1. Could you check, for region 489-496, whether at least one of its residues is open to solvent by 60 Å² or more (accessible area, probe 1.4 Å), assigned to a helix (DSSP H, G or I) and at pLDDT below 95?
2. Those residues that are assigned to a helix (DSSP H, G or I) and open to solvent by 20 Å² or more (accessible area, probe 1.4 Å), I need them from region 301-316; list them, please.
3. If you go through region 359-379, how many residues are small (Gly, Ala, Ser) and over 13 Å from residue 348 (Cα atoms)?
4. When residues of region 275-292 are filtered for being farther than 19 Å from residue 243 by Cβ and assigned to a loop (DSSP other than H, G, I, E, B), how many remain?
5. Does residue 268 satisfy the condition of being surrounded by 18 or more Cβ atoms within 10 Å (Cβ to Cβ) and not hydroxyl-bearing (Ser, Thr, Tyr)?
Amino acid sequence: PGPNRLGGVAGGMGLEPEPLFQAWSYFRRRKFRQCADLCSQLLERPPGEQVAGTGGQRYFTFYFILIQAAWSLKTRALTEMVYVDEIDMDEEGIAEMILDENAIAQVARPGTSLKLPGTSQGGGPSPAVRPVTQSGRPITGFVRPSTQSGRPSTMEQALKTPRTALTARPVTSASGRYGRLGTASMITNPDGPFINLSRLNLAKYAQKPKLAKALFEYIFHHENDIKNALDLAALATEHAQFKDWWWKVQIGKCYYRLGLYREAEKQFKSALKQQDMVDTILYLAKVYLRLDQPVTALNLFKQGLDRFRGEVTLICGIARIYEEMNDISLAAEYYKDVLKQDNTHVEAIACIGSNHFYSDQPELALRFYRRLLQMGVYNCQLFNNLGLCCFYAQQYDMTLSSFERALFLAENEEETADVWYNLGHVAVGIGDLNLAYQCFKLTLVNNNDYAEAYNNLAVLEMRKGHTEQARALLQTASALAPHMYEPHFNFAILSEKVGDLQRSYTAAQKAEEAFPGHVDTQQLLKQLKQHFAML
């Protein structure tokens, strides 16, 4: 029998597909490793074995096209293996936060800055009800890269911050995630990188748009070589006579990664003039947020909603900004708008549930978390939240079983520590202080940097009359979490009881700085000032 339509040869029990078509099939089914291996075999074959039955000029043309296709397909497969969406990956490390050379207003107007705590109009629960991060923002209901680390105001505070990546080095985006992406070539190709960038003629590839785009994605994501990627993008957009919006977006991404935010802003704005795209709006908003201009980002999102009605990512972006600015009520309204467009949006459901819980509505929060469970979300955090909601909604039959499931599903010691800490709160609520003491101890066994557990253990020690142990625990809690007002206030109360008025006054001042609206702190400071006046 002759060759079939796919280019293979019929024989045996069925049809054997042509290798390039089979590699493309692997790529479509997201089997990128098999696709790359098959393309490697095609590229390593001698020219005579690539195609058969052709001759002369036609042979060389077909061989050249085949090699180009295999090379491009392997490049795309290797890129997809390590691809990370740049829109959602916004991990701001210590280097970016402390060594930022972009000048911002030191005393920002209320509601115009993300970096300075206490500059919002409020609208949500106080720190007495809802925990806050070290930057003064309330803890969100959904974990994102930008919510993992706060914005410390000093280098000392930044270095004292617990390492969220469980490494000895402080987390920085340059040395952390991006650095690991840059080593992908050594992992995927033990014999060395697939493309030797130092010997590449970028000007030649820039004149071939289809190859250039695949090569850019490979250099940017797989090799993490931003300089070469920027050179290629600049040559390609020049070849396209500056009319291709896609290349302008890629140049903007390179500038953003290099920290040149104003240049990135120009490129994204130019791309939006040529082609209105949701992704470009999201990239431009990221630039404004990094420049600490949340109001500009909000206006950009709202203008985008005028052109893209009901676009979920834009509405969610507005909600995130309001949440970071402490305006929880407006954030909840926009998250509800997200659910009107997409009623399976996990982030919106989780954030609305969290808001209801901290607004003293555990029954409503329970409905949202049950919805997540029905959608197939099945992890430690969800069962942890379900256990707390059941307890505060007085559905005691489900409380312990939810916490047991959360302990079973915990993937690391931090998650286990959270569950034991919440179990300690449940024990305090039912009056079993011995159980609470054991739970807080188990919290510290799993996570030795848990400031809240140190604080609560100190309170239990104070009830037992162990003043020195309580003092040591409160000092540890204050050192680990200077943004929390509870350790400072408890230390002030303890010092005042034993007659150490100077330490009490200093701790009370720190508590007032962390939470200016705390009435008990204000009363304590008033009493201490009266004592000092009498002296």
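1. No: zero hits.
2. 302, 303, 305, 306, 307, 312, 313
3. Total meeting the criteria: 2.
4. So the count comes out to 2.
5. Criteria met by residue 268.
The rows are residues; the columns are (1) open to solvent by 10 Å² or more (accessible area, probe 1.4 Å); (2) assigned to a helix (DSSP H, G or I); (3) farther than 26 Å from residue 35 by Cβ; (4) not aromatic (Phe, Trp, Tyr).
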| position | (1), (2), (3), (4) |
| --- | --- |
| 205 | yes, yes, no, no |
| 215 | no, yes, no, yes |
| 221 | no, yes, no, yes |
| 231 | yes, yes, yes, yes |
| 235 | yes, yes, yes, yes |
| 238 | yes, yes, yes, yes |
| 254 | no, yes, yes, yes |
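The values are calculated or read from the model by the stated rules, or taken from the named source; none is laboratory data. Just so it is clear, the structure is predicted and the values come from calculations on it, not from any experiment. All Cβ positions, even for glycine, are placed from backbone atoms using ideal geometry, and neighbour counts span all protein chains on display. The accessibility values were calculated without ligands, DNA or RNA, using every heavy atom of the protein model including side chains. Shrake-Rupley method; radii C 1.70, N 1.55, O 1.52, S 1.80 Å.
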